[in-house]
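To start, the structure itself, in structure tokens.
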Amino acid sequence: MPAINLGMPSAPPPVLAPRRKTRNFQVGSVGVGSDHRVSVQSMTTTKTHDINGTLQQIAELTASGCDIVRVACPTDKDAEALKIIAMKSQIPVIADIHFQPKYVFAAIDAGCGAVRVNPGNIRQFDDKVGEIAKAASDAGVSLRIGVNAGSLDKRVMDKYGKATPEALVESAVWEASLFEEHGFHDFKISVKHNDPVVMVQAYQMLAERGDWPLHLGVTEAGPAFQGTIKSSVAFGALLSQGIGDTIRVSLSAPPAEEVKVGNQLLESLNLRPRKLEIVSCPSCGRAQVDVYTLADDVTAGLEGMTVPLRVAVMGCVVNGPGEARDADLGVASGNGKGQIFVKGEVIKTVPEDQIVETLIAEANRLAEEMERESDGDAQAASAPVVSVS
């Protein structure tokens, strides 16, 4: 078989819109704002005072590609656990605070990367802004002003009657102005709603009001299928306009699933380098092989692969050869057999019952070659330059 060039293109992949310019700050080791990539967040489901259980779940989230993790802090026991969790977590920890301002200060003292505050349900929050701003600034801790449709300040609800986009934005801008009056600017804002249309309108309005980094979320999005659809619609609409600096896909599902969906969404918009991508046809009356099973088995066999490999699993002769030829690796199937393509060239034809094992073997071979190329490029880049005068 002839040598195949696996080099990655030098030009960055196209995006639908440039990122909206925002201020920048740190959440622990992760930069937030338009100078940094869009980060993916999730939240632990454990009781935070269960330190071992919480750290185990954080490790699972980290392995899934989570950048920042949020933990609940409703009790004194949870607040006491924050210091150990923040110290031992592999990724920055955000403490999620509601109702009692004392836990804001406990989280700052514990060394959390950031604190999420909900102005709508923290008692006498506005009176505490100056103290919170000073404590956070002194400790180098950032904040998220998290406005939620379900817990808007009573004054705002009385004015608007319900959680309209205008109500969400007015609450967020008011709280932001209080922190800025105290010279504190290291915060992002979220204005979450369970209706993607209301949520998108609120973020669009908020993006026009200031240069704050924005954390995107559809709150109470629902079970995995519904929540994925709602979040994808809302995030896609905003990110395609350059709006959004961190995201959390809220699902009634294990937190690692939130991270998986979030990363895939960003990869689909070219806001993250694409990793493994399976292209497969939906099947139809033209299909001459079991496309569903082929695609599922190939996906399962390549689970965990992180190199940017595009694999096409096609079931008929109409679009199959073209898609398979365009992918890094592909199969065009028909009459109980499949033509295997690598970088546009047919390398072999195999029976249907050998398609999956052949694709997996070729994918692993290509991945190893790509990793060797990547390691060689990295070594070349780091090699000392010797000049001779």
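Once you compute Rg and the Kirkwood Rh from C-alpha atoms, what is the Rg to Rh ratio for region 47-161? Please list the in-between numbers first.
Values: Rg = 14.7 Å, Rh = 14.6 Å.
That ratio equals 1.00.
Can you give me the angle between helix 51-64 and the longest principal axis of the chain, using Cα atoms only, in degrees from 0 to 90, rounded to the nearest 10?
Orientation of helix 51-64: about 40 degrees from the principal axis.
How much of the DSSP beta bridge set in the chain is antiparallel, as a percent to the nearest 5? Numbers along the way, then the final one.
Values: 15 of 51 bridges.
Of those bridges, close to 30 percent are antiparallel.
Using the per-residue mean of other Cβ atoms lying within 10 Å as a proxy for protection, in what order, highest first, do the peptides 46-55, 88-97 fall? Mind dumping the intermediate values first?
Working: 46-55: 17.5, 88-97: 22.3.
Packing proxy ranking, top to bottom: 88-97, 46-55.
Suppose a student asked you for the relative contact order of region 274-373, using Cα pairs under 8 Å spaced at least 6 residues apart; what percent would you report?
On the way: 195 pairs, mean separation 23.4, N = 100.
Reported relative contact order: 23 percent.
Within the chain, what whole-number % of the accessible surface is contributed by carbon and sulfur, with the 1.4 Å probe and all protein chains included in the calculation?
52
Once phi is turned into θ = phi - 60°, what whole-Hz ³J(HN,Hα) does the Karplus curve with 6.51, -1.76 and 1.60 give for every residue of region 259-264, x standing for Gly and Pro?
For region 259-264, the Karplus-derived couplings read 5, 4, 5, x, 5, 5 Hz, x marking Gly and Pro.
Between LYS159 and GLU303, what length comes free when the chain is fully extended (0.36 nm per residue of separation minus the Cα-Cα distance, one decimal in nm)? Display every interim value, and only then the final one.
On the way: separation 144, 0.36 × 144 = 51.84 nm, distance 5.11 nm.
Working it through step by step, the gained length comes to 46.7 nm.
From the cross-link list LYS128/LYS154; LYS134/LYS260; LYS83/LYS188; LYS134/LYS188; LYS260/LYS343, which pairs have alpha carbons spaced over 25 Å apart?
Violating the 25 Å limit, Cα to Cα: LYS134/LYS260; LYS260/LYS343.
Among ALA135, VAL169, ALA149, whose Cα sits farthest toward the positive end of the charge dipole of region 124-174 (+1 at Cβ of Lys/Arg, -1 at Cβ of Asp/Glu, about the Cα centre)?
It is ALA149, whose Cα lies furthest towards the positive end.
Need one word for region 11-90: rounded, prolate or oblate. Basis is the Cα gyration tensor (sqrt eigenvalues a ≥ b ≥ c); a/c below 1.5 gives rounded, then a/b vs b/c decides. Intermediate results must be reported in sequence, preceding the final value.
Values: a/c = 3.03, a/b = 2.18, b/c = 1.39.
It is prolate, given that a/c is not under 1.5 and a/b is the larger ratio.
Hey, with R₀ at 45 Å, roughly what FRET efficiency would LYS343 and THR45 work out to, going by the Cβ-Cβ distance, to 0.05?
Working: r = 43 Å, r/R0 = 0.96.
For LYS343 and THR45, the calculated efficiency is 0.55.
Accessible area per residue for the chain in Å², computed with a 1.4 Å probe and the full protein assembly in place, what is it? The partial results should precede the final answer.
Details: 18280 Å² over 389 residues.
On a per-residue basis, 47 Å².
Please list, in chain and number order, the residues 5+ apart from CYS316 or on another chain whose amide H is under 5 Å from its amide H, with Hs placed from the backbone.
Correct list: SER333.
Percent of alpha carbon pairs in region 22-267 separated by more than 29 Å? Spell out each step's value before the answer.
On the way: 6293 of 30135 pairs.
The proportion of pairs with Cα distances above 29 Å equals 21 percent.
What list of ³J(HN,Hα) values in whole Hz, one per residue of region 289-305 in order, does the Karplus curve 6.51 cos²θ - 1.76 cosθ + 1.60 (θ = phi - 60°) give from phi, with Gly and Pro shown as x?
9, 7, 5, 4, 5, 4, 5, 5, 5, 5, 4, 5, x, 10, 4, x, 5
Mind putting a number on the dipole of region 274-373 about its Cα centre? Charges go on the C-beta only, +1 for Lys and Arg and -1 for Asp and Glu, and I need it in Debye to the nearest 20. Don't skip to the end; give the middle numbers.
Values: 10 positive and 17 negative charges, 64 e Å.
That gives a dipole near 300 debye.
So what's the angle, to the nearest 10 degrees on a 0 to 90 scale, between helix 355-382 and the longest Cα principal axis of the chain?
It is inclined by approximately 60 degrees.
Nearest 10 degrees is fine. How inclined is helix 76-88 to the longest principal axis of the chain, computing both from alpha carbons?
Once rounded, the angle reads 40 degrees.
The values are calculated or read from the model by the stated rules, or taken from the named source; none is laboratory data. Because the structure is a prediction, the values reported are computed rather than measured. Don't worry about glycine lacking a Cβ; one is built from the backbone with ideal geometry, like all the others, and counts go over all protein chains shown. Note: accessible area is taken over every heavy atom of the protein model, side chains too, but ligands, DNA and RNA are not part of it. Shrake-Rupley method; radii C 1.70, N 1.55, O 1.52, S 1.80 Å.
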